[in-house]
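To start, the structure itself, in structure tokens.
The values are calculated or read from the model by the stated rules, or taken from the named source; none is laboratory data. Since the structure is predicted, the reported quantities are computational estimates derived from the model, not experimental observations. Here the Cβ is made from the backbone with ideal geometry for all residues, glycine too, and neighbour counts use every protein chain on show.
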Amino acid sequence: MMTTRILLADDHPIVREGLRSVLQRRPGCEVVGEASDGIDALKKAESLQPNVMILDVTMPRLNGLEVCRLARQRMPDLEVLFVTQHDSAQMMREALAAGAKGYVVKSNAARDLLDAIERVSQHRVFTALTTREPDAGD
Amino acid sequence: MKLRILLADDHEIVRRGLCALLQKHEGWEICGEATDGREAVEKAKELKPDVVIVDIGMPNLNGLDATRRLLQYDPNFKVIVLTVTDADQVIREALDAGARGFVLKSDAARDLVAAVEALQSRHMFFTPRVNDLVLAGFLEKGHAASRSEPPQLPTLTPREREITQLLAEGRSSKEAASALNLSTKTVETHRSNIMRKLSLHSIRDLVVYAIKNKIIQIEMPMDSNHGAAKVSPPSQ
């Protein structure tokens, strides 16, 4: 089984710890690094070459949408999955327009994260807002 | 005997992170989890944990009101409040509610273990900013004797605060009644009392009041730069 290398970027260490503990349940998922702000996230994406970057939208120094745009320009094979508190169709559209393939809301992240990682690592779209059923579209 | 901890946060991913952090400590165990304030109070009564960790911003019953309820039920409960903000008002309310620990979520990975250890040793744990505020409060009291006290703002009863939260979260009187096991008529009576006491004229006013007084929390509105100043990306 191919390993999915994952970079976690969120300014709350407790959230990163929670994401890590969920990801550890899935064999084949490896967390290769963590970042606590947007600039650090970009630097680590370039140096660690993950398959998937899990991003928060609101981060210090450079927000997640900007990180996504820049990362996708520089590293087109890198896929981005947003895990965010913004339970908003508008924000989700902006995230997808910025080049993300996945968007899940933090309140349901424990439920949706593994499915989202699986889809996004296969370059497929996965979105889930609390008001809508998860959409594992292509 | 292990120290038993109850976690209350509406985000499972945060609870997973807290569990992972706290369970590294030998001698501690997570005896239960709750997803809102009401459940936190019920589980605390049932499980009798040594320490209760509550997020302030929870639906149904927020963390501060849950803390008040717990301590009214049993003043021996030891509660640590977790919050995204250390605004003066929030700190005051947490202290008034009887919390013995106050930790910022952004610093939880650093401070929460120390906070639990402090409560385990029957001490309190507050961030330096809270300590500063408490000290400033003591100093101000010393100067206040010569000043006339400002008029007291009307305060809500615990039940009225509960109903304020549910209504501000968008529930109807009927839904609030169902959540609280009251009749709709009773909720509507409380609602009228709340509006009259606080001189409010609409649900919108109630929502604004609830936000200002941290009865409910909202996500920060995103500006056009989505919450962070744009900076130049690292050069190649």
Query raised in the report: Quick one: which of B:K45, B:K78 is in the same structural domain as B:N131 (by TED's automatic domain parsing), more than 11 Å from the chain's Cα centre (by Cα) and surrounded by 19 or more Cβ atoms within 10 Å (Cβ to Cβ)?
Result: B:K78
Query raised in the report: If you take just the helices (runs of 4 or more DSSP H) that sit entirely in the stretch A:1-92, which of them hold at least 1 residues that are closer than 17 Å to A:L113 by Cα, more than 7 Å from chain B (Cβ to nearest Cβ) and under 13 Å from the mean Cα position of the chain (by Cα)?
Result: A:13-23
**Report entry** Residue under evaluation B:T67, criteria (1) of a type outside the set (D, E); (2) part of a helix (DSSP H, G or I); (3) more than 19 Å from B:A115 (Cα to Cα); (4) under 13 Å from the mean Cα position of the chain (by Cα), criterion not met
**Finding:** (3)
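So that you can scan it fast, the table gives a plain yes or no per residue for (1) in contact (Cβ under 8 Å) with a residue 24 or more places away in the chain; (2) closer than 24 Å to B:T164 by Cβ:
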position: B:E26; (1), (2): no, no
position: B:I30; (1), (2): yes, no
position: B:V41; (1), (2): yes, yes
position: B:I53; (1), (2): yes, no
position: B:I56; (1), (2): yes, yes
Report task. Exactly one condition in (1) small (G, A, S); (2) surrounded by fewer than 18 Cβ atoms within 10 Å (Cβ to Cβ); (3) under 29 Å from B:M58 (Cβ atoms) is not met by A:G38; state its number. Result -> (2)
Requested in this report: Among the numbered conditions (1) in a helix (DSSP H, G or I); (2) over 11 Å from the mean Cα position of the chain (by Cα); (3) modelled with pLDDT under 95; (4) not acidic (D, E), tell me where B:N60 comes up short.
Outcome: (1)
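This table checks each residue for (1) within 14 Å of chain A (Cβ to nearest Cβ); (2) at pLDDT below 95.
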{"residue": "B:I30", "(1), (2)": "yes, no"}
{"residue": "B:A40", "(1), (2)": "no, no"}
{"residue": "B:V54", "(1), (2)": "no, no"}
{"residue": "B:D74", "(1), (2)": "no, yes"}
{"residue": "B:V79", "(1), (2)": "no, no"}
{"residue": "B:V90", "(1), (2)": "no, yes"}
{"residue": "B:A94", "(1), (2)": "no, yes"}
Query - Test for A:M1: is it modelled with pLDDT under 95 and more than 22 Å from A:V125 (Cα to Cα) - result: no
Query - Single unsatisfied condition, B:I5 versus (1) under 17 Å from B:P75 (Cα atoms); (2) crowded, with 24+ Cβ neighbours inside 10 Å; (3) free of Cβ contacts under 8 Å to residues at least 12 places away in the same chain - result: (3)
Query raised in the report: Does B:R110 satisfy the criteria of being surrounded by fewer than 24 Cβ atoms within 10 Å (Cβ to Cβ), under 25 Å from A:T58 (Cβ atoms), at pLDDT 95 or above and within 11 Å of another protein chain (Cβ to nearest Cβ)?
Result: no
Requested in this report: Identify all residues within the stretch B:48-75 that are buried (at least 22 other Cβ atoms within 10 Å of the Cβ) and among the acidic types (D, E); write none if there are none.
Outcome: B:D55, B:D65
